[in-house]
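Here's the structure, in structure tokens; my notes come after.
The values are calculated or read from the model by the stated rules, or taken from the named source; none is laboratory data. Keep in mind it's a predicted model, so treat the numbers as computed, not measured. Using ideal geometry, Cβ is built from the backbone for each residue, glycine included, and neighbour counts are taken over all protein chains shown.
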Amino acid sequence: MTLWERLYLGEVLRGLATVNAHFVRNLALHIAHAIGFAKARKAMTTVQYPDERKPYAEGYRGSHRLTLRPDSSVRCTACFLCATACPAQCIYIEAGAHPDPAVEKFPLRYEIDTLQCIYCGLCVEACPCDAIRMDTYVHPRVWGFDRKDFIETKQQLMHRSRVLAAEGREGNMREMLQWYDEQSRAVYNPLRPELKTYTERDQPPAWKDDGAGAAPEIPAIDRHHLTGK
Ligand code: SF4
Ligand code: SF4
């Protein structure tokens, strides 16, 4: 590197010029739009997610869901292929004997740690019975006060399938925002200091409905805490 390059001054100035050029161009266009000129020229805007959202492509990879049998029980047979394929090792399954002798096993516990998940979709590819999909059209949850808040349980993953079937694409997003609002109000409520994290509070009652042949709800485990990761 030359002395000039090692000073980085030229690159810093070039960066500042680019930022300021965009700023001035957008400011001028927004002012022109406000007074009725240059409507055909688009100015850059920040999408105010989640109030505004861009249209998602058909193949969009959203948060996971566990698909259901016709009787609303979980389709997953706890074969562990998804957990084996997962490069981030963020799927945790505990298998139990299924009450129906025609089905060997089902997951007593099925958890995805979304802090570790890289949304690669290999779990979906690996599943031999179409028991897990990533077509919910919702982003991963981005708020929480505790690492356990980001672990998605079997109940939540099953519930997304019911909402998708009942309400379509917008259903899970609507539920997520509604729950976020409720939890935000509760967590900042000085009259309820016992509610410190999302995890310590009640989950939406619908998540507790595990479907036919399922076990009672098992709380998520914070494996970051156990493994020290
Ligand atoms: S999307 Fe990828 S990283 Fe996430 S749970 Fe599936 S296999 Fe693992
Ligand atoms: S989701 Fe599919 S691959 Fe994963 S344990 Fe269940 S049946 Fe097996």
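Quick notes on this one:
- Residue match in segment 147-167 (condition: more than 25 Å from PRO55 (Cβ to Cβ), free of Cβ contacts under 8 Å to residues at least 60 places away in the same chain, surrounded by 15 or more Cβ atoms within 10 Å (Cβ to Cβ) and within 12 Å of ligand 2 (Cβ to nearest atom)): no
- For segment 16-52, a residue qualifies if it is among the charged types (D, E, K, R) and under 30 Å from THR136 (Cβ atoms), and the qualifying residues are ASP51, GLU52.
- Evaluation of GLY59 against (1) free of Cβ contacts under 8 Å to residues at least 40 places away in the same chain; (2) more than 16 Å from ligand 1 (Cβ to nearest atom) (one fails), failing number: (2)
- Any hit, segment 8-15, residues being within 16 Å of ligand 2 (Cβ to nearest atom) and either free of Cβ contacts under 8 Å to residues at least 12 places away in the same chain or farther than 23 Å from HIS139 by Cα (or both): no
- Test: residue in segment 7-18 that is part of a loop (DSSP other than H, G, I, E, B) and either surrounded by 10 or more Cβ atoms within 10 Å (Cβ to Cβ) or at positive phi (or both): yes
- Test: residue in segment 53-60 that is in contact with a strand residue (DSSP E or B) (Cβ under 8 Å, 6 or more places away or on another chain), within 23 Å of THR136 (Cβ to Cβ), among the small types (Gly, Ala, Ser) and in a loop (DSSP other than H, G, I, E, B): no
- Apart from one condition, ALA32 fits all of (1) assigned to a helix (DSSP H, G or I); (2) assigned by TED's automatic domain parsing to the domain that holds LEU157; (3) surrounded by 14 or more Cβ atoms within 10 Å (Cβ to Cβ); the exception is (2).
- The residue that is surrounded by the most Cβ atoms within 10 Å (Cβ to Cβ), among those in segment 69-127 that are touching a Ser or Thr at 6+ places or on another chain (Cβ under 7 Å) and of a type outside the set (A, V, I, L, M), is PHE106.
- Exactly one residue among GLY144, GLY171 is part of a loop (DSSP other than H, G, I, E, B) and in contact with a helix residue (DSSP H, G or I) (Cβ under 6 Å, 6 or more places away or on another chain), and that residue is GLY144.
- Screening the candidates TYR137, TYR92 for the property of being within 16 Å of ligand 1 (Cβ to nearest atom) and part of a strand (DSSP E or B) yields one hit, TYR92.
- Take the conditions (1) of a type in the set (A, V, I, L, M, F, W, C); (2) surrounded by 14 or more Cβ atoms within 10 Å (Cβ to Cβ); (3) closer than 23 Å to GLY96 by Cα; (4) modelled with pLDDT of 90 or more; ALA220 misses just one of them, which is (4).
- Scan of segment 62-89 for residues that are within 17 Å of the chain's Cα centre (by Cα) and more than 13 Å from ligand 1 (Cβ to nearest atom), ordered by number: THR67
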